[in-house]
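The values are calculated or read from the model by the stated rules, or taken from the named source; none is laboratory data. All figures in this text were calculated on a predicted structure; none of them were measured in a lab. In this analysis, Cβ positions are derived from the backbone assuming ideal geometry, glycine residues included, and neighbour counts consider all displayed protein chains.
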Amino acid sequence: MPHRLMLLDTASLYFRAFYGVPDSLKSPDGTPVNAVRGLLDMIARLVSDYEPTHLVACWDDDWRPAWRVDLIPSYKEHRMTKAATDGVDVEEVPPGLVAQIPRIREILAAFDITVIGAREHEADDVIGSLAAQSDNPVDVVTGDRDLFQLVDDASNVRVIYTARGMSRLEVLTDATVVGKYKVLPGQYADFAALRGDTSDGLPGVAGIGDKTAASLLQEFVDLDGVIAAAGDPASTMSASMRAKITGAADYLAVAPTVVNVVRDLDLGKFDAEIRPLGAEQLERIEKLTEDWNLGGSAARALQALGKSPATD
């Protein structure tokens, strides 16, 4: 069977699970388990439908890296809790989800699902590096548009987009990105820098939205070309647009570093192949299922991963 690597934007998925599954689902000690169960069901669905041979849960070791914030202070600022301590940026996460994150890590380990993060980098950067360095086809699973920049038919990299829900998954290829935004995936980061992204606190260039950003890139190819045209009196760029671009010169000088995902992280050696679990691991999952009231979610994940007999 040809190898296929699936990369999970883990936080994107467990946030979606938390808000999509009733929080009335709790373990006997009263801790909510909706995010744990929802994530397991997502993994079961994704593995069943797309049949990866290798699976990595990519992790936010640093959800708001200082080197990005230094360049654009508003980067993800709106997601910060008011109770940040010791000068450390703390993401605002519902208490019911905070309690489940250690359990998510534990259940991923129990299923022998490889978890990879990187110091001072987001999961996006881990995903970008693993996708760029893979010799095999890659499926990136996310609900965030940031990773559309990784789509590449030539390198067999697709994005499985979860924003519309697990019942309406969308597979993004080069043609899909062009159809949605009128730019190539390789232009998407420049497109996002120009039009901004409120979900990430990126201001963009005042007066430039999706259509204008796309038309600029269609004519001038990339952000460097747009900036060069703004500074060239002989270019076809209008005077009003020239003023908008030059007025945002400081922002545009740093935006690409913030928006582009890192693709050259050294993540060391790892083995993410999906393999059958041993008896002790299966016993551990059975115990966690009972202790945490995971219902059929664990059984469905085991079945999808080929690690247990089919169950009703």
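Enumerate the helices (runs of 4 or more DSSP H) found wholly within region 1-108, keeping only those where 2 or more residues are touching a Pro at 6+ places or on another chain (Cβ under 8 Å), crowded, with 16+ Cβ neighbours inside 10 Å and not assigned by TED's automatic domain parsing to the domain that holds Tyr161.
Filter on region 1-108 gives an empty set.
Could you count how many residues in region 244-261 are hydrophobic (A, V, I, L, M, F, W, C), assigned to a helix (DSSP H, G or I) and touching a residue at least 40 places away in the same chain (Cβ under 8 Å)? Please lay out each step first, then the result.
As a first pass, look at region 244-261 and keep what is hydrophobic (A, V, I, L, M, F, W, C): 245, 248-249, 252-255, 258-259, 261.
Checking the rest, the ones that are also assigned to a helix (DSSP H, G or I) come to 245, 249, 252-255, 258-259.
Now restrict to residues that are touching a residue at least 40 places away in the same chain (Cβ under 8 Å): 245, 252, 254-255, 258-259.
Residues that pass the stated criteria total 6.
Can you find a residue in region 289-299 that is of a type in the set (Gly, Ala, Ser), in a loop (DSSP other than H, G, I, E, B), farther than 30 Å from Pro28 by Cα and in contact (Cβ under 8 Å) with a residue 12 or more places away in the chain?
no
For region 184-212, which positions are surrounded by 15 or more Cβ atoms within 10 Å (Cβ to Cβ) and hydroxyl-bearing (Ser, Thr, Tyr)?
Residues satisfying the conditions are Tyr188, Thr212.
Going by the structure shown, is Leu172 free of Cβ contacts under 8 Å to residues at least 60 places away in the same chain, assigned by TED's automatic domain parsing to the domain that holds Ala255 and on the phi < 0 side of the Ramachandran plot? It would help to see each step written out before you state the result.
Values: free of Cβ contacts under 8 Å to residues at least 60 places away in the same chain: yes; assigned by TED's automatic domain parsing to the domain that holds Ala255: no; on the phi < 0 side of the Ramachandran plot: yes.
Spelling it out, it is not the case that Leu172 is free of Cβ contacts under 8 Å to residues at least 60 places away in the same chain, assigned by TED's automatic domain parsing to the domain that holds Ala255 and on the phi < 0 side of the Ramachandran plot.
Looking only at region 115-142, which residues are surrounded by fewer than 17 Cβ atoms within 10 Å (Cβ to Cβ) and touching an Asp or Glu at 6+ places or on another chain (Cβ under 9 Å)?
Arg119, Glu120, Gln133
Could you please tell me which pairs satisfy a Cβ distance under 6 Å, a separation of 6+ or placement on different chains, a first residue in region 1-20 that is within 16 Å of Trp59 (Cα to Cα), and a second residue that is at pLDDT below 95 and of a type outside the set (S, T, N, Q)?
Ser12/Asp144
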